[in-house]
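The values are calculated or read from the model by the stated rules, or taken from the named source; none is laboratory data. Computed from a prediction, not measured in an experiment: that's the story for all the values here. So basically every Cβ, Gly included, is an ideal-geometry build from the backbone, and we count neighbours across all protein chains shown. Each accessible area value is taken on the protein alone, full model and side chains, heavy atoms only, with ligands, DNA and RNA left out. Shrake-Rupley method; radii C 1.70, N 1.55, O 1.52, S 1.80 Å.
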Amino acid sequence: MYDFSYHLPGSLDEAASALAGAEDGALLAGGQTLIPTLKQRLASPSDVVDLGGIAELRGISAAEGVVTIGAMTTHAEVAASAAVGAAIPALAALAGGIGDPQVRNVGTIGGSLANSDPAADYPAAVLALNATVHTNRREIAADDFFTGMFETALEDGEIITAVHFPKPVRAAYAKFRNPASRYAVVGVMVAETGGGVRVAVTGAAPSVFRATEMERALAGDFSASALDGVTVPADGLNSDIHASADYRAHLVGVMARRAVAAAAG
Ligand SMILES: Cc1cc2nc3c(=O)[nH]c(=O)nc-3n(C[C@H](O)[C@H](O)[C@H](O)COP(=O)(O)OP(=O)(O)OC[C@H]3O[C@@H](n4cnc5c(N)ncnc54)[C@H](O)[C@@H]3O)c2cc1C
């Protein structure tokens, strides 16, 4: 049976205190992953700290070429945001392609990033757009945030507060989705940023990664044909009932070309 203390803090400081005082605390955002995990008895926290009452974790703003999205902002809010649509349309489109309407209206960007599911969409956006994850303790660069399958650089008790996305010159995301869950079998976000071209791949490997050979090819010629002959090795890629490693490697190339064509067009 469930046996935990439920907390509904009204501020970030209260949430951090509740977590610090817990023997084995868990944060609750949209609950799309945490609740099924509890139901399956895969986790049994002593305390559940619900972030739903903290106004400062919600909302979207855009200023000086940066879009800031609060951790508790839902995928549906990002998809519908005029500010995101104007500054980074690829990000709004990515959010609108997550799961189904029920998932999008409850799931949050903070929960998605903290969970670091290998097939989740947002990690590709955070990495390709060179975003910065802000927490109640520090700022974490995208390149340092994702550390493995369901693993991140977050420390015990650390709470994501917002994600800062610099506006790219151009960007696009292409996903080959699982028809049942809509998670990415393979998803590729391509972005031309102030710091160069970045290509991030999700779904293919245990964790999101940058396709650096593709980045080099696109740096000189931002066109789908620049990727001719550039492949991603199947070694180390995921192989499961949905797709073999070889098929995923092939899909990375196909999705990357589609994303470049969409961004360039
Ligand atoms: C049927 C289904 C289909 C889905 N399809 C897709 C899809 O196509 N693409 C996709 O990307 N995702 C998909 N998802 C995932 C979903 O969109 C959610 O993003 C994800 O489940 C977690 O977000 P959440 O807000 O529900 O987090 P929760 O389940 O509440 O939390 C997840 C984890 O993150 C931690 N956490 C939450 N918020 C914070 C925070 N602010 N700081 C630190 N830690 C935190 C929690 O403690 C927990 O460990 C799907 C989910 C379902 C159930």
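How big is D for the range 81-160, in µm² s⁻¹ as a whole number, if Stokes-Einstein is applied with the Kirkwood radius of its Cα pairs at 4 °C and 1.567 mPa s? So the translational diffusion coefficient is about 97 µm²/s.
A 1.4 Å probe run over the protein chains yields, for the chain, 45 Å² of accessible area per residue, whole-number rounding. Computed packing ranks the peptides 216-227, 24-35 as 24-35, 216-227, most packed first, by mean other Cβ atoms within 10 Å. Measuring with a 1.4 angstrom probe and ignoring ligands and nucleic acids, S44 comes out at about 100 Å² accessible.
Under 17 Å from a point 7 Å along the Cα-to-Cβ line of D24: which residues of the range 135-157 have their amide N that close? Only 156-157 pass the distance filter. Peptide packing: for 4-15, 158-169, the average count of neighbouring Cβ atoms within 10 Å per residue gives the ranking 158-169, 4-15, highest mean first. Distance between the C-alpha centres of the range 220-265 and the range 160-196: 14 Å, rounded to the whole angstrom.
Can you tell me, using C-alpha contacts under 8 Å and at least 6 residues apart, the relative contact order of the range 189-265 as a whole percent? With pairs under 8 Å counted, the relative contact order is 30 percent.
For the chain, would you read off the P(r) tail past 25 Å as a percentage of all alpha carbon pairs? Pairs farther apart than 25 Å: 43 percent.
So the label point goes 7 Å from the Cα of F150 along Cα→C-beta, right? Which residues of the range 3-42 then have their backbone N under 18 Å from it? 24-42, by backbone N distance to the label point.
Share of carbon and sulfur in the accessible area of the chain stands at 51%, probe radius 1.4 Å.
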